[in-house]
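Inspection log for the structure reproduced underneath, given as structure tokens.
None of the figures in this text is laboratory data; all of them are computed from the coordinates on show. Everything quoted here is computed from the prediction, not taken from an experiment. Neighbour counts run over all protein chains shown; Cβ positions are idealised from the backbone, glycine included.
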Amino acid sequence: MRTYRIAVLPGDGIGPEVVDITVKVLEALQKRAGTYKIDLVWGEAGANAIAKYGTNVPPQTIEMLKTTAACLKGPMTTPEEPGAPPSAALTIRKLFNLYANVRPCLSLPNVPSLKPNIDLTIVRENTEGLYSNIEFEVSEGVGVAMRVISRKASTRVARFAFKLADRRRKHLSYVHKANILRRTDGIFNQAVLDVSKEFPGVAVESIHIDNMAMQLMKRPESFDVIVTTNLFGDIISDEAAQLVGGLGIAAGANMGENYAMFEPVHGSAPKYAGQDKVNPIATMFAGKMLLEYIGEKGSARELQSATFEVLKEGRALTYDLGGKAKSSEMCEAILDKIRRT
Ligand code: IPM
Ligand code: MN
């Protein structure tokens, strides 16, 4: 039997609830398929680990991750004070060189979407840019943050995005602010254009980030794959999520050469923790991307169609989708579909 060792980091706030639901769904899919086995290894990470270990990604968690094929990560709280440990997501992204953050944005059945038929994917550079963590106060009241953009990192994320566009609708938009950030985005754009020569079948479109914020509202259905630098990608991925129903349904994959981490795009929403209230679909779709990554595409498709059916029926919707169902009720409705297929 095919066996996959998968790390699970439940995280903070609503994390444990939505991760638990996702694990139930993954287990039901695996049982249903009967052809593979997922060995889950649970680990600690997030703000909850700081008091205990003095850091949000303790060394034993890092060692554990290294023994697994991929990781399912729940949302985690990131402290904002200077000097606090960096975000756990960032630590894992950098440690495993998960250079491409892939965030699909798809209109779902019965979920209000700004326009019909939105099906785009953002590929965000995940290791540098304004996330380089090089920030200091040069003199009293004057701070500087370094936006590091390298040809190497730009080229590899561009190639990832082109490969994806080539398998999809063969359209790639690259998003930048090269009219102002001439050197850094000059390097990024040149890398994209150089890689584009390897993909003559993919049409390429250049868009400034401010215009992109508007075009996403105006013609979201016209985009296929969007590639951009780290912070721009962070910002437009929340905007894109809202186009098709909000953060409750948005998932992302952090892809490297040898490892990948899957997570909801949303945060830990501490005010909803323990209430069995939030939409578990974002984390479930992270689980779906994980299944695709390990090669269990049949189960990934089943998870998607079970979710789509529940959305279509509209009986077990969480509050963010206009319903009254608890997270666990939505989970049960989806499990029911999986068991019956
Ligand atoms: C995301 C999040 C993270 C980011 C935070 C929590 C550090 O907003 O995954 O988009 O900025 O990348
Ligand atoms: Mn974000």
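Nearest 500 deg cm²/dmol is fine: what mean residue ellipticity at 222 nm does the chain get from its DSSP H runs of n ≥ 4 alone, each adding -39,500 (n - 2.57), divided by its residue count? Walk me through the numbers on the way to the answer.
Values: 11 runs with 141 residues, N = 341.
Helix-only estimate at 222 nm: -13000 deg cm²/dmol.
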Fewest to most neighbouring Cβ within 10 Å: what's the order for 319, 293?
-> 319, 293
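Once R0 is set to 35 Å, what does the formula 1/(1 + (r/R0)^6) return for the Cβ-Cβ distance between residue 33 and residue 117, expressed as a FRET efficiency to the nearest 0.05?
Step by step, r from the Cβ atoms, then E = 0.70.
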Once a ≥ b ≥ c are taken as the square roots of the eigenvalues of the Cα gyration tensor of segment 129-176, is the result rounded (a/c under 1.5), prolate (a/b larger than b/c) or oblate (a/b not larger than b/c)?
-> prolate
Name the GluC sites (Glu not before Pro) in segment 86-192 that are in a loop by DSSP and that have at most 11 other C-beta atoms within 10 Å, would you?
-> 140
Quick one: if the Förster radius is 30 Å, what FRET efficiency do residue 329 and residue 62 give, using the C-beta to C-beta distance and rounding to 0.05?
-> 0.25
Simple SL model, points at 7 angstrom along Cα→Cβ for residue 339 and residue 169; separation in nm is 3.9
Could you work out how far apart the two model spin labels at residue 150 and residue 203 are, taking each label as a point 7 Å from the Cα in the direction of the beta carbon, and quote it in nm?
-> 3.5
Quick one: which of 24/170; 271/326; 115/288; 52/324; 24/115; 66/277 span more than 27 angstrom between C-alpha atoms?
-> 24/170; 52/324; 24/115; 66/277
Check cross-link reach from residue 177 to the aspartates and glutamates: straight Cα distance under 12 Å, and skip same-chain residues fewer than eight apart.
-> 185, 210
Anisotropy class of segment 1-73 from Cα gyration tensor, a/c 1.5 cut | oblate
Please label the shape of segment 53-120 as rounded, prolate or oblate, based on the square roots a ≥ b ≥ c of the eigenvalues of the alpha-carbon gyration tensor (a/c under 1.5 means rounded; beyond that, a/b larger than b/c means prolate, else oblate).
-> prolate
Distance from the Cα centre of segment 37-105 to that of segment 285-341, in angstrom?
-> 25
May I ask you to list the aspartates and glutamates whose Cα is less than 15 Å away from that of residue 197, ignoring any residue fewer than eight positions away on the same chain?
-> 166, 205
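By counting other Cβ atoms within 10 Å of each Cβ, how are 53, 4, 99 ranked from fewest to most?
Result, fewest neighbours first: 53, 4, 99.
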